[in-house]
Structure formats: structure tokens, C-alpha cells
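Step one of this worksheet: look at the structure below.
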Amino acid sequence: MFGMGVSYHSHRLARIAEHMVKISPLAGKQLPSADLVDIPALLAAYYDRKPDVAVATQRVAFGTSGHRGSPLHTSFNENHILAMCEAIARYRKAEGIDGPLFLGIDSHAVSAPAQRTALEVLAAHGIKVHIDQSGGYTPTPVISHAILAYNKGRTTGLADGIVVTPSHNPPSDGGFKYNPPTVARPIQP
């Protein structure tokens, strides 16, 4: 394997990539009306719908790297953010996490409203929060790096973080990730 030339590996990787990447037939085309997200309806659902704890799909459930859902399915809305941020504030107090909290968002439609909700809860608990100074988007790795860089060499006053993002999920979804000071893996608040 080590004796083979770079061109062989490049060709082989290209062939593997061809089989792994599925290009949507809609790539580069205008979406059909039925596939567009009604942003005003999405935002109204974020604020107006109330989850029913008796319905499993409407409860906060941390899966791979956090909680994800859609306001349209009452699985990601203001009540979810209020509950998760309250749990994080209590967790921070119980664990002695008293440094700043880095809070980032992505470009999904409900990320900014969820950030505002989170800020209200965190501020009510007196938690110092750092957000992008220009109000821009902050990818998950940037928040992780900020936490690790801030905590480097510290044993007290450690930082943690939240990223409001459903990652690669559809535009109608929202998501919420909590990263503790170690950033090793998100925990369920």
C-alpha cells in the first residue's frame, strides 16, 4: 500500500466519493412550492405551540449531540429551550461551573428566536454569556474551540457552551447542543 503512487490513491478516493455522494435531482434548481418552508408559520409555532409531556415525540430528548426537532411538530419550541436552559443553569450551579457560557447559532430560521429565549433564562440566573459581537452565525467547532481555549490552564472559572443548531437537518428544524467545560461530549441537562 505504501509503495503505490499518489495518483492511484487520488483516483481510488474519487471513485469511492462518487459512490458515497448522492446529488439531489433538485441541485441547482428552484424548489417546488410544496417543498418551501413557511417561515412565519414556523416562527409562530415556535412561540405558540406547547408540548404535551404525554407525547414522547414532544419531550426534550438528547440524541447524538443534543436535542433536535421542529416547531411544526411541537418537538422544538420556546418551552423546550426554556426547560433546557433552566436545567443547564441548575447543572452549572450543582457542578460549580461559574465561568462564561459561549452561545452560538446557525442560520436555521428558529435559531435566532431560540438564542433570544436562551439569553433570557441564562441572564435570569446571572450567567455571563458570550455571543458573536456582530450577531452573526457561529459554527459548532468555533464554540468548542472557544471553550477549550478559555479553559486551557484553568481549574476554576471554567466555561461551557450552547450551540443552537440542528446541524444538517432540514430548514424547518431547530437544534440545541450543550457542551460542558471538557467539550468531550455533550451531556443531557
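The values are calculated or read from the model by the stated rules, or taken from the named source; none is laboratory data. This structure is a prediction, so every number in the text was calculated from the model and none was measured. Note: ideal-geometry Cβ built from the backbone for every residue, glycine included; neighbour counts use all protein chains shown.
Taken as a whole, the stretch 153-164 holds no residue that is in contact with a strand residue (DSSP E or B) (Cβ under 7 Å, 6 or more places away or on another chain), farther than 30 Å from Leu36 by Cβ, assigned to a loop (DSSP other than H, G, I, E, B) and free of Cβ contacts under 8 Å to residues at least 60 places away in the same chain.
Of all residues assigned to the stretch 72-87, none qualifies as being in a loop (DSSP other than H, G, I, E, B) and modelled with pLDDT under 95.
Whenever a residue of the stretch 22-47 is closer than 19 Å to His108 by Cα, its partners that are surrounded by 10 or more Cβ atoms within 10 Å (Cβ to Cβ) and of a type in the set (Asp, Glu), lying with C-beta atoms within less than 7 angstrom and at least six residues away or across chains, give the pairs Tyr46/Glu78; Tyr47/Glu78. Considering only residues in the stretch 92-104 that are under 24 Å from Pro139 (Cβ atoms) and touching a residue at least 60 places away in the same chain (Cβ under 8 Å), the one that is nearest to the chain's Cα centre (by Cα) turns out to be Gly104. The set of residues from the stretch 166-189 being of a type in the set (Val, Ile, Thr) and modelled with pLDDT of 85 or more comprises just one member, Thr182.
Being of a type in the set (A, V, I, L, M), surrounded by fewer than 20 Cβ atoms within 10 Å (Cβ to Cβ) and touching a helix residue (DSSP H, G or I) at 6+ places or on another chain (Cβ under 8 Å) is the filter; apply it to the stretch 61-88 and report the residue that is farthest from Gly174 (Cα to Cα).
The qualifying residue farthest from Gly174 (Cα to Cα) is Leu82.
Of all residues in the stretch 110-144, those satisfying the criterion of being assigned to a loop (DSSP other than H, G, I, E, B) and aliphatic (A, V, I, L, M) are Val110, Ile127, Ile131. Of all residues in the stretch 33-71, those satisfying the criterion of being part of a loop (DSSP other than H, G, I, E, B), more than 24 Å from His125 (Cβ to Cβ) and out of contact with any strand residue (DSSP E or B) (no Cβ under 9 Å at 6 or more places or on another chain) are Leu36, Val37, Asp38, Arg49, Asp52, Ala54, Val55, Thr64. Taking the criterion of being of a type outside the set (A, V, I, L, M), surrounded by 14 or more Cβ atoms within 10 Å (Cβ to Cβ), over 8 Å from Pro181 (Cα atoms) and at pLDDT 95 or above, the only residue of the stretch 143-163 that qualifies is Tyr150.
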